[in-house]
Amino acid sequence: GGDDNLEVADVLSEIGALHEKLCEYDRALEAHDEVLRIRKANLDPHAEIIADTMIEVSKIHVRKGSYDEALKLLSGVLQWEGDSIDKLRVGDAQFHIGCVQLFKGEYDNALQSFERAFEEKSAVLDENDEVLADIYQHMGRVFMEKGFANDAHRKEAVPYLTEAIRLLKTKIDRTEEDVASVMSLEGTLFYCEGEWDNALDRLNSASGILKSLFGKEHERIASLLELRARIYCEKEAFSTAIKLLEDSLAIRRKLFGFVANEVGNTLHCLSHVYQVRGMAEEALKHAEEALQMRKLGLGDCEKVAATIEMIAFIHLALGDTDGAKASLEESLQVKNNIYKMSSNDMLAQTGNSIAQTLCVMGEFLMETGEFDAANQCFLDCLEMRRELLGYDH
């Protein structure tokens, strides 16, 4: 039937899915791009299978860190809302938009997108449908990532993770991969509850199953290594944490190359552990590489600002006050850029983040004797918080 036959597209779709499962994202994208081209050439532009393919291609772009490409495809799907597209596909598009926002550190926006996805899907699915588990899991992940800086947020992840586990356990004829997914979530839940040994037990078991299925060099293995490293940091076993993060970093470099969001995340974590351990020069080296990757992959976003602020504190530990000041100023500039581009839904999160940095900058300037500049920072912080919270908060 020729290269543009729909049956060819179906086979290519299976090939792309296999490459995606094996974390071979360039090959997966090549296959799915061709699927999308063939289907668009042969079908109605608003055929549901075209929406499915656009969502599938967007998922691979997310894994590769091509967030603008992913959002363009997902926004294209949402333009059909109320036309020929059903609620499940609208929910899928909203869910993957939330994933992009989560990767960029836009936690409030991500949570809203996941809530919209849940609203769309739950309107047509049974309340016990396992499909909803992924949404609950990602809602929990929003609070987990917030919890890396503020432990109180981890507790907010617990009900979402608990519901995700419950739904996954209702699945009939679970595969080994399903069992590993449940164990991984149980380990994550124990982590959020501060039960370190139980968390490690579940995560180690999940890792063993996944290694038997996919080998040692897989993204899910890297993610489990990173979570185990965070637990060992909580237990103050920093040497073990560093080894696990270095193993995770090696896997991600091999899978994603040397410029990728996942690699930047691991480098950021590794820098933090070195910083806590008092190894400032190692911390700075990894933080600067993390910043380079995050800037290339994410542009101006909260995760970029977080790495810049970490670099500021490392400079302070090294006695480099000029470097610290320059980094704080850069972080403030990034956050101001985010604020200017923010939707109304994001203004509170971004504005509060700016206020926090202004307060840190003010305290730093007081230490260096720049009292007028410090006073201005505190006044700007006060103005921002009054604007966000009112005068009586």
Which one of these is assigned to a helix (DSSP H, G or I), over 24 Å from residue 380 (Cβ atoms), touching a helix residue (DSSP H, G or I) at 6+ places or on another chain (Cβ under 9 Å) and open to solvent by less than 60 Å² (accessible area, probe 1.4 Å): 286, 315?
286
When residues of the range 42-66 are limited to those that are out of contact with any Phe, Trp or Tyr (no Cβ under 8 Å at 6 or more places or on another chain) and among the hydrophobic types (A, V, I, L, M, F, W, C), the one surrounded by the most Cβ atoms within 10 Å (Cβ to Cβ):
54
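Residues that are charged (D, E, K, R), under 19 Å from residue 182 (Cα atoms) and modelled with pLDDT of 90 or more: does the range 232-241 have at least one?
If we filter the range 232-241 for residues that are charged (D, E, K, R), which is where we start, we get 234-236.
If we keep only those that are under 19 Å from residue 182 (Cα atoms) too, we end up with none.
Scanning the range 232-241, I find no residue that is charged (D, E, K, R), under 19 Å from residue 182 (Cα atoms) and modelled with pLDDT of 90 or more, so the answer is no.
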Report, by residue number, each residue of the range 67-106 that is touching an Asp or Glu at 6+ places or on another chain (Cβ under 7 Å), part of a helix (DSSP H, G or I) and not aliphatic (A, V, I, L, M).
87, 89, 91, 94
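Here are 171, 121: which of them is in contact (Cβ under 8 Å) with a residue 24 or more places away in the chain, of a type in the set (Lys, Arg) and surrounded by 22 or more Cβ atoms within 10 Å (Cβ to Cβ)? Spell out the reasoning first.
Working: 171 fails: surrounded by 22 or more Cβ atoms within 10 Å (Cβ to Cβ).
Only one candidate passes the filter, namely 121.
Per-residue answers, yes or no, for (1) modelled with pLDDT of 90 or more; (2) open to solvent by 90 Å² or more (accessible area, probe 1.4 Å); (3) among the small types (Gly, Ala, Ser):
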| position | (1), (2), (3) |
| --- | --- |
| 353 | no, no, yes |
| 364 | no, no, no |
| 375 | yes, no, no |
| 378 | yes, no, no |
| 384 | no, no, no |
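The values are calculated or read from the model by the stated rules, or taken from the named source; none is laboratory data. Only a predicted model underlies this, so the values are computations on that prediction, with no experimental measurement involved. Ideal geometry is used to build each Cβ from the backbone, glycine not excepted, and the neighbour counts take in all protein chains shown. These area figures cover heavy atoms from the full protein model, side chains too; ligands, DNA and RNA do not enter into them. Shrake-Rupley method; radii C 1.70, N 1.55, O 1.52, S 1.80 Å.
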